[in-house]
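Engineer: First, the structure itself, so that you have it in front of you.
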Amino acid sequence: MAENGNGYSEAEWQARVDLAAAYRLTDLFGMTTLIFNHITARVPGTDDQFLINEYGLGYDEVKASNLVRIDLDGKVREEDDDHRINIAGYVIHSAVHGARHDVNCVMHTHTPYGMAVSALEEGLLPLQQDTYRFHERVAYHEFEGIAVDTDECERLVTDLGDKNAMIMRNHGLLTAGRSVAEAWTLMWQLERACQVQVLAQSTGQAIHQAPLPAIEKTAAMLEMMHGSMEWEWLLRVLDRQDTSYRE
């Protein structure tokens with residue numbers, strides 16, 4: 001397999017660049033919680049290894065070269081194994097990567113509107129054209145405490161099933177995608193859907209819902225979008241500000 005000047009295969013280096021970009025974009029769009037939460041990407045050509053951020057770095061400090069390769073057992077697979085990994089991030093992300101081989105990127109956030117909706121008994125209510133993307137396409141996972149118990153893995157992936165978006169109750173949001181672009185744009189859309197719901201419900205007025213056939217038609221159309229066009233623009237935005245994520 002061809003390697004670049006950094007000692008990684010071209011495929012892994014591209015995965016690293018895309019994942020580092022996702023961290024920087026999450027910071028840029030205000031979806032971070034200090035140094036916590038994670039976005040992970042499967043190492044191309046493997047079923048049991050993925051890339052994760054070094055625990056302790058801010059999202060604005062993540063770059064392609066300081067991402068850490070780990071396996072599904074949480075073992076660091078870098079030449080230098082002196083890296084810090086957040087156990088809660090490992091538990092959640094290893095569960096999805098291990099069970100869903102169609103998924104190459106997993107993103108988990110504690111965003112304000114996402115956390116608010118995670119605390120609502122009724123869960124997410126898609127209320128508007130852009131948010132109908134999630135009509136009957138959101139999974140739910142009950143809160144079990146801070147995710148440091150590997151016993152939770154099986155229940156988490158069972159609850160996720162074949163869906164790519166999940167409300168972790170009283171916790172936060174999770175998205176999965178075939179690419180970093182897909183998982184990241186889906187998270188942006190999910191947080192926006194939560195925001196629309198909270199804002200609409202905060203008016204105290206009756207909520208108007210569109211006819212069900214129109215909702216289902218819209219959901220099917222939006223589900224076909226994979227974030228690639230938006231991703232190209234997002235990378236241009238990053239590159240105009242700071243290209244260090246590519247280092």
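Engineer: Over the range 181-247, what portion of Cα pair distances is larger than 21 Å, expressed as a whole percent?
Structural biologist: Distances greater than 21 Å cover 47 percent of the Cα pairs.
Engineer: List the aspartates and glutamates whose Cα lies under 15 Å from the Cα of residue 75, skipping any in the same chain that are fewer than 8 positions away.
Structural biologist: 47, 48, 54
Engineer: Which distance in nm do the two modelled labels at residue 10 and residue 244 give, with both placed 7 Å along the Cα-to-Cβ direction?
Structural biologist: 2.9
Engineer: Determine the dipole magnitude for the chain: charges of +1 sit on the beta-carbon of Lys and Arg, -1 on that of Asp and Glu, nothing else is charged, the reference point is the Cα centre, and the result goes in debye to the nearest 20.
Structural biologist: Here the size comes out at about 800 debye.
Engineer: Using just the Cα positions, wrap the range 62-191 in a convex hull and report its mean projected area in square nanometres, one decimal place.
Structural biologist: Values: hull surface 33.3 nm².
Result: 8.3 nm².
Engineer: Continuing with the same structure: Can you tell me which of 206, 219, 21 moves the most in a GNM of the chain? Springs connect C-alpha atoms under 10 Å apart.
Structural biologist: Its mean-square fluctuation being the largest, the pick is 206.
Engineer: Over the Cα atoms of the range 1-102, what Rg and Dmax result, in angstrom?
Structural biologist: When restricted to the Cα atoms of the range 1-102, Rg and Dmax are 12.9, 37 Å.
Engineer: How are the alpha carbon pair distances in the chain distributed across 10 Å bins from zero to the largest one, expressed in percent?
Structural biologist: Over the chain, the share of Cα pairs per 10 Å bin runs 7, 32, 37, 18, 5, 1 percent.
Engineer: Exactly which GluC sites (Glu not before Pro) in the range 47-83 are in a DSSP loop and have at most 15 other Cβ atoms within 10 Å?
Structural biologist: Here the sparse-neighbourhood loop sites are 54, 78, 79.
Engineer: Which listed residue (40, 158, 171) has the Cα farthest towards the positive end of the charge dipole for the chain, taking +1 on Lys and Arg C-beta and -1 on Asp and Glu C-beta about the Cα centre?
Structural biologist: Of the options given, the answer is 171.
Engineer: For the chain, with a Gaussian network of springs between Cα atoms less than 10 Å apart, report the residue from 199, 156, 28 with the top mean-square fluctuation.
Structural biologist: 199
Engineer: Now for a separate question. Pick from 114, 123, 145: which is most flexible by mean-square fluctuation in a GNM of the chain where alpha carbon atoms under 10 Å apart are linked?
Structural biologist: The residue with the greatest mean-square fluctuation here is 145.
None of the figures in this text is laboratory data; all of them are computed from the coordinates on show. Quick caveat: nothing in here was measured; it's all calculated off a predicted structure. Cβ sites come from the backbone with ideal geometry, for glycine too, and all protein chains shown count toward neighbours.
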